[in-house]
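Since the structure comes first, as structure tokens, the remarks are kept for the end.
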Amino acid sequence: MKKTFSTMCCAVALLMGATNSWAQENDMPPPPPHHPEHAIDAPRPHMPPHEWKKGPKFDKEFRKEMSDKFAEKLGLTEEQKAQAEKLREANRKKMEPLMKQADELRGKMDEIRKQNMEDFEKILTPEQKQKLDEMKAKREAKMKKKMEKRAEKWKKEAKKDKKDKKKDKKDKD
């Protein structure tokens with residue numbers, strides 16, 4: 001009897017906690033999808049949207065550009081650059097299976113989150129469901145506005161970078 005009662009108390013506490021967390025106005029946005037098919041199009045936080053590219057060619061070009069900048073700042077010799085590239089490639093090969101496992105785990109986690117939300121919505125009254133939908137729409141609009149501001153900022157920074165590069169090129173000539 002005591003075991004059943006304590007189990008029910010725990011279940012009620014969990015449900016109340018879940019309901020309470022959804023009732024908060026300033027809830028966190030959901031994490032971005034982590035599926036491999038989305039990874040190619042995923043926002044690159046280190047660059048503005050107009051510079052996002054797709055596919056492995058981009059990744060290789062980007063890695064090369066970053067390693068060249070890094071080598072230049074450190075003043076690496078050609079021999080050091082070659083050794084560093086060999087090290088990076090060896091580590092990339094070691095990490096590849098782990099990255100695949102991480103992608104699979106993220107996919108499974110996303111499925112569980114989706115199922116959890118579906119199960120949670122089943123316990124809501126129609127009024128609560130409507131309120132939840134409104135909260136989701138509000139959060140989505142807020143995120144869209146934030147992304148638009150971020151994109152505008154990146155465009156300004158890209159224009160400034162372009163001007164700086166032209167100025168640097170003129171100064172060298």
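The values are calculated or read from the model by the stated rules, or taken from the named source; none is laboratory data. As the structure is a computational prediction, the values presented were derived from the model and not from experiment. Cβ atoms come from the backbone with ideal geometry, glycine included; neighbour counts cover every protein chain shown.
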**OP:** Could you run through region 86-108 and say how many residues are in contact (Cβ under 8 Å) with a residue 24 or more places away in the chain and either over 30 Å from Lys64 (Cα atoms) or over 20 Å from the mean Cα position of the chain (by Cα) (or both)?
**Re:** 1
Original post:
So which residues in region 86-130 are in contact with a Phe, Trp or Tyr (Cβ under 9 Å, 6 or more places away or on another chain) and assigned to a helix (DSSP H, G or I), if there are any at all?
Top reply: Phe120, Gln128
Subject >> Filter pass, Lys146 being more than 30 Å from Lys60 (Cβ to Cβ), surrounded by 11 or more Cβ atoms within 10 Å (Cβ to Cβ) and of a type in the set (Lys, Arg) >> reply: yes
Subject >> Hey, Glu134 surrounded by fewer than 12 Cβ atoms within 10 Å (Cβ to Cβ), over 25 Å from Asp59 (Cβ atoms), at pLDDT 95 or above and of a type outside the set (S, T, N, Q) or not >> reply: yes
Original post:
If we scan region 48-69, do we find a residue that is at pLDDT 90 or above and closer than 29 Å to Lys146 by Cα?
Top reply: no
